[in-house]
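Have a look at the structure below, then the notes.
The values are calculated or read from the model by the stated rules, or taken from the named source; none is laboratory data. In this text, all values refer to a predicted model and were calculated from it rather than measured experimentally. Cβ placement follows ideal geometry from the backbone for every residue including glycine, while neighbour counts extend to all protein chains displayed. Heavy atoms of the whole protein, side chains included, go into the accessibility calculation; ligands, DNA and RNA do not. Shrake-Rupley method; radii C 1.70, N 1.55, O 1.52, S 1.80 Å.
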Amino acid sequence: MGATGASGVNSDRALPSSEMYQLDIVLKRGHNLAIRDRGGTSDPYVKFKLCGKEVFRSKTIHKNLNPVWDEGTKLLVDSLQEPLYVKVTNMHQQSVRLAELHRKHQLWRGIVSISLIEGRDLCPMDPNGLSDPYTMPKTLCPQWREQFDLHLYEETGGVLEIAVWDKDTGRRDDFIGRCTLDLSTLAKEHTHRLELALEESRGSVVLLLTLTASSHVSIADLSLTPLDDPIERREIMGRYGMFRPLSNLKDVGIVQVKVMRAEGLMAADVTGKSDPFCVLELNNDRLQTHTIYKNLNPEWNKVFTFNVKDIHSVLEVTVFDEDRDRSADFLGKVAIPLLHIQNGEQKGYVLKNKEMTGPTKGLIYLESDVIYSLRTIVPPEQKYIEEEPKVSKHVSVRNFNRVKRCILFVINIGTFINSCFEWDSPQRSISAFLFFVVVVWNFELYMVPGALLQGVCILFEGNVCIMSLSSLSWQCGLQQAGEATFEWEEEEEEKDDKDSERKGFMDKLYALQDVCVSVQSALDDVASYGERIKNTFNWTVPFLSWLAISVLCVATVLLYLIPLRYLVLAWGVNKFTKKLRNPYLIENNEVLDFLSRVPSDVQVMQYRELKFDPGQSPSKRKKTNPG
């Protein structure tokens with residue numbers, strides 16, 4: 001490398017410190033540099049350091065062992081005693097080291113958004129000449145139409161591997177094939193339509209893929225908090241203004257969480273201490289603190305920043321005890337809906353058990369800030385890594401009782417209406433008859449959303465006390481039921497299957513267990529939607545209830561001003577032409593997407609913040625010194 005100027009000048013005598021000198025650096029070229037990339041080249045750039053600080057950095061010349069820079073700079077220095085250090089660096093090496101650092105600290109630099117559309121002409125794996133590719137039964141051309149995001153840790157990309165499996169019940173799944181994609185070959189901020197052939201069998205996979213940058217994910221000390229800077233906070237708030245959702249539906253806000261400390265944690269080690277660390281999860285985004293060893297009152301003092309894709313998401317904060325020889329032990333957990341966050345307020349949260357039904361030992365102190373715009377009627381993000389569903393007697397009974405309550409509610413309404421026809425109460429029947437005549441005589445279609453709107457307002461005024469009492473009884477009932485929890489899965493884990501002749505029996509047992517899990521999940525779905533409809537009218541989440549009121553008002557005005565046939569015609573034209581306008585569209589139901597944001601009764605109980613007695617607060621006790 002050729003570099004001219006005052007580089008590395010030393011003097012035998014001291015010069016007056018009051019004088020200033022001009023240092024001219026001219027970087028010419030490099031010659032026969034070392035190979036650092038797999039392609040037999042390098043991406044060199046040059047750094048100049050003086051007094052331990054970088055004073056100049058050249059541009060990067062890509063894929064060249066004999067780069068020509070022809071650039072320079074002028075610096076003012078107050079001493080000629082300090083040497084000037086010149087270092088030639090390969091950009092790829094720095095990117096690899098940076099990617100390793102990001103992965104170590106669980107920081108991702110970008111998002112890979114994937115819309116998995118379909119499979120084409122897959123290899124048959126079953127005797128009937130078909131396959132059951134996850135999770136589309138009996139087809140060789142599955143239509144998945146699913147969307148999900150993956151984290152990208154490397155600046156230059158990475159390799160995406162897709163494997164297709166045939167789902168089998170009671171035995172190992174069959175491997176159909178795989179395909180790989182080098183993400184470094186794709187342009188960023190652009191949606192690519194790809195058809196990837198399976199490498200080890202016939203068939204292909206069709207998907208849409210977009211690479212986007214992720215700027216807000218970070219872990220820092222308390223001294224480096226973006227939202228504490230007024231200028232940066234105003235800039236971020238401007239970025240998520242009223243019309244922001246129209247520009248990028250995947251970036252609706254930012255949440256900053258300060259994990260301060262925990263107090264009075266459970267002792268998980270035989271020494272009477274724990275090695276606690278804290279994990280923060282927001283949908284599929286996961287970050288964690290460092291571990292504080294041998295301490296029941298750890299102080300982390302870290303700031304975590306997440307991108308928000310859905311303001312109705314729930315922040316989960318879990319405290320674990322680190323064990324080097326086995327998996328971490330659970331110490332406690334809290335779940336905080338983003339809409340419940342009071343910006344800038346530091347709070348102590350009582351840690352809950354794994355089921356989130358009752359308290360466990362300890363408090364955790366958090367301070368959160370969230371800035372957001374809206375995203376409510378698009379499909380919510382599904383968590384990719386969740387615990388395998390287990391057959392649980394307690395959960396099955398609970399779900400059955402939840403469905404039973406929903407059905408009884410409908411039956412009670414029917415019984416009330418029938419009693420009006422039977423004249424069990426003449427006053428009630430006369431009132432119902434007059435109401436029926438008036439409504440039918442004056443009925444217009446626009447009155448339906450108006451009536452629902454009136455019902456929401458009435459319930460808002462009259463159900464506050466009922467909600468409190470019912471929520472309390474529901475929580476007590478779940479806690480009592482939790483004491484009787486009995487899971488079949490735990491019994492199966494205690495058994496040691498040493499007799500190979502019982503394999504057929506075990507296969508049948510697993511098949512029966514799958515059926516039980518399906519029934520248990522179906523009961524949960526039915527009960528959850530019933531409870532979410534009720535909680536929409538009960539103002540459990542005021543933001544969503546106000547949104548429902550706004551939609552009902554708009555529907556009332558539209559039905560009043562526009563004939564019904566025009567509205568039905570517009571709806572039908574949209575439905576029939578949707579696939580023509582976008583063949584790779586992932587279907588969604590706006591009503592179900594809205595209801596998915598309303599918590600069920602079980603979630604309401606899990607998200608409820610537990611109150612603690614200040615007299616029993618761990619802060620009142622004598623703290624244990626770190627061992």
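Solvent exposure of segment 121-218 amounts to 53 Å² per residue of accessible area, where only protein heavy atoms count and the probe is 1.4 Å.
Can you tell me what percent of all Cα-Cα pairs in segment 259-322 are more than 15 Å apart?
Cα-Cα pairs of segment 259-322 separated by over 15 Å account for 51 percent.
Could you order Asp229, Asp601, Asp166 so the one with the most accessible surface comes first? Probe is 1.4 Å.
Order by accessible area, largest first: Asp229, Asp601, Asp166.
For the cross-link pairs Lys258/Lys393; Lys258/Lys390; Lys28/Lys49, which exceed 28 Å when the distance is taken from alpha carbon to alpha carbon? Table pairs above 28 Å Cα-Cα are Lys258/Lys393; Lys258/Lys390. Compactness check for segment 158-205: Cα Rg over 2.2 N^0.38 Å is 1.43.
Expressed as a whole number of Å, what is the distance separating the alpha-carbon centroids of segment 55-83 and segment 190-208? A separation of 45 Å, based on Cα centres. Using the alpha-carbon centroid of each, what span in Å lies between segment 415-449 and segment 314-353? Segment 415-449 and segment 314-353 have Cα centres separated by 51 Å. When all protein chains stay in place and ligands, DNA and RNA are ignored, the 1.4 Å accessible-area order of Met605, Met237, Met260, largest first, is Met237, Met260, Met605. For the residues Lys354, Lys49, Lys347, a 1.4 Å probe over the protein chains yields an accessible-area ranking, largest first, of Lys354, Lys49, Lys347. In segment 273-425, the alpha-carbon atoms span a convex hull of 208 Å³ per residue.
Peptides 174-187, 273-286, 112-125 ranked from most to least packed, by the mean per-residue count of other Cβ atoms within 10 Å: 273-286, 112-125, 174-187. Database remark: amide H of Lys63 closer than 5 angstrom to the amide H of Ser42, Asp43 (H placed geometrically; neighbours at sequence offset of 5 or more, or on other chains; Pro and chain starts carry no H).
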